[in-house]
1. Taking the residues in segment 95-115 that are within 18 Å of the chain's Cα centre (by Cα) and assigned to a strand (DSSP E or B) as candidates, determine which candidate is modelled with the lowest pLDDT.
2. Could you tell me whether ASP124 is loosely packed, with under 10 Cβ neighbours inside 10 Å and within 11 Å of VAL71 (Cα to Cα)?
3. Going through segment 116-155 one residue at a time, which ones are under 30 Å from GLU48 (Cα atoms) and in a loop (DSSP other than H, G, I, E, B)?
Amino acid sequence: MPNIERWSPFRELDRMRELFAPGWFASFPWDDEARPHLPWGPAVDVRETKSEIIVHAEVPGVNPDDLEVTVRKDGLTLRGEVRHEERRDEGGYRRLERRYGHFHRTIPFPVAVKPDEARAEYRDGVLEVRAPKAQPEPTESVRLKVERPQGDRSH
């Protein structure tokens, strides 16, 4: 029975690259060895209720004191760092798939919020940010009179 392998779009792109252009582009950004070095940010869920915007961000391994959370009326910015614990494995195969280092992610909100009333809580590797919705600003409208240039007799 053949081995079952988890499907990866990156692996499929790599196979296509090898099929159509063998040896061309020796290291694409989606190669397994290069992937951990790419910039990254936490995975997030953004939910809207009647009264607030709620964001859950996965930030396991981040000390809450190292998190910088900035809320604007139109979005949220997360900055932080996942610190790498140095371990040596002299005798066996070693593979690093977890990401370490600084991250920065900006999440736009679907509606305006009140940044000064937002709050954040960190529990079990998940950051929760709650921001109450701002009242929509009334838009003023003015009806304009359509004028005709002098001498124009069109209807």
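1. Taking segment 95-115 as the starting set, the residues that turn out to be within 18 Å of the chain's Cα centre (by Cα) are 98-111.
Keeping just the survivors that are assigned to a strand (DSSP E or B) gives 101-108.
Values: GLY101: 76, HIS102: 83, PHE103: 86, HIS104: 88, ARG105: 90, THR106: 92, ILE107: 93, PRO108: 93.
Per the stated criteria, the residue is GLY101.
2. Details: loosely packed, with under 10 Cβ neighbours inside 10 Å: yes; within 11 Å of VAL71 (Cα to Cα): no.
No: the conditions fail for ASP124.
3. Residues satisfying the conditions are ALA118, ASP124, GLY125, ALA134, GLN135, PRO136, GLU137, PRO138, THR139, GLU140, SER141.
The values are calculated or read from the model by the stated rules, or taken from the named source; none is laboratory data. Since this is a predicted model, take the numbers as computed values, not measurements. Here the Cβ is made from the backbone with ideal geometry for all residues, glycine too, and neighbour counts use every protein chain on show.
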